Amino acid sequence: MDNNIKGIIFDMDGTLLLSMHVWDNAGSGFLKRHGVTPDPDTDELVKSMTIEQAAEYFIERYGLGMSVEQIASDVDKELENQYFNILMPKPGVLAMLERLHDAGVPCCIATATDRYLAVPALKRTGIYPYIKEIFTCKQVGAGKQTPDIYYAAMSSLGFAKEETAVFEDAPYAAQTAHRAGFFVVGIYDPSFEAGQNRLRESADLYIRDFSELGVSSCTPGSVRLLQKKEQIPPKGSAV
């Protein structure tokens, strides 16, 4: 699919950061810490939820005597060390962001992770200076089962849907963005290994990692996104 992209919305976990592994057992880990035996499919089930949605589910499913806020705080504390000190960008992320910056294409982040975890990780890893604004599911009041967060980020970027690309590793989130009319770039992450066919179906462009992403200049302030093996140098400059 041809494209002329003027603004980009990035998911964070599993797209920009090597971080999905810390979420893979976060739900079952929380329940076990509180003496509850989780259902076998707990982690897969809550993977598409925000922390608050997962907390509501745990309260309803297991009858926990905790508030949503208490559960969210408990889970967040387990994640703080990872986001504050350990997690790193996926290979090629910083070089790709630099190319977009040089081309004059602004970027936002749309993430289900709480802002207080996201910002320190983005600053520590060098991603933060390339990001115009960060939107969280908590901020917009909805998870990525609905396109609200993408619309909020699009409004900040100031471009139409057909001029705005969404990068996602989660098949359900890519499907949401695709159905809403965005140009979708699906990027592989092992956390969603079983959902790669679904991700490919929702993506206008699918890449295994950022080394496969070509970013070619179109007009000033816009780029064409494509797989590098398909990249044809334009008459003007290329980035």
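The values are calculated or read from the model by the stated rules, or taken from the named source; none is laboratory data. These figures come from a predicted structure and were not determined experimentally. Glycine also receives a Cβ, built like all others from the backbone with ideal geometry; neighbour counts cover every protein chain displayed.
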Q. Considering the range 47-82 alone, what residues qualify as being closer than 14 Å to THR113 by Cβ and of a type in the set (Val, Ile, Thr)?
A. THR50, ILE51, VAL75
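Would it be correct to say that LEU100 is within 13 Å of THR15 (Cα to Cα) and in a helix (DSSP H, G or I)? Talk me through it step by step, then tell me what you get.
Details: within 13 Å of THR15 (Cα to Cα): no; in a helix (DSSP H, G or I): yes.
The answer is no for LEU100.
Quick grid of which residues meet (1) in contact with a helix residue (DSSP H, G or I) (Cβ under 9 Å, 6 or more places away or on another chain); (2) in a helix (DSSP H, G or I); (3) surrounded by fewer than 21 Cβ atoms within 10 Å (Cβ to Cβ):
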| position | (1), (2), (3) |
| --- | --- |
| GLN145 | yes, no, yes |
| TYR150 | yes, yes, no |
| SER155 | no, yes, yes |
| THR176 | yes, yes, no |
| LEU199 | yes, yes, no |
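For the structure I just gave you, tell me whether ALA110 is within 21 Å of ASP209 (Cα to Cα), over 21 Å from the mean Cα position of the chain (by Cα) and of a type outside the set (D, E, K, R). Full working, then the answer.
Values: within 21 Å of ASP209 (Cα to Cα): yes; over 21 Å from the mean Cα position of the chain (by Cα): no; of a type outside the set (D, E, K, R): yes.
Judged against the criteria, ALA110 is not a match.
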Q | Criterion: of a type outside the set (Phe, Trp, Tyr), over 19 Å from LYS47 (Cβ atoms), without any contact (Cβ under 8 Å) to a residue 24 or more places away in the chain and not in a helix (DSSP H, G or I) - qualifying residue of GLY181, GLY126 | A | GLY181
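Can you tell me which residue among GLU69, GLU56, GLU80 is under 26 Å from THR176 (Cα atoms), surrounded by fewer than 16 Cβ atoms within 10 Å (Cβ to Cβ) and either in contact with a strand residue (DSSP E or B) (Cβ under 7 Å, 6 or more places away or on another chain) or not assigned by TED's automatic domain parsing to the domain that holds VAL140 (or both)? It would help to see each step written out before you state the result.
Numbers: GLU69 fails: under 26 Å from THR176 (Cα atoms); GLU80 fails: under 26 Å from THR176 (Cα atoms).
After ruling out the rest, the residue left standing is GLU56.
Can you give me the number of residues within the range 115-129 that are touching a strand residue (DSSP E or B) at 6+ places or on another chain (Cβ under 8 Å) and crowded, with 21+ Cβ neighbours inside 10 Å? Give the derivation first.
We begin by selecting, within the range 115-129, every residue touching a strand residue (DSSP E or B) at 6+ places or on another chain (Cβ under 8 Å); these are 115, 118-119, 121-122, 125-127.
Remaining after also requiring crowded, with 21+ Cβ neighbours inside 10 Å: 118, 121-122, 127.
Count: 4.
Residue by residue through the range 24-45, note down the ones that are among the charged types (D, E, K, R) and within 25 Å of the chain's Cα centre (by Cα). So that I can check it myself, show each step before the final result.
Step one: of the range 24-45, the residues among the charged types (D, E, K, R) are 24, 32-33, 39, 41, 43-44.
Result: ASP24, ASP41, ASP43, GLU44.
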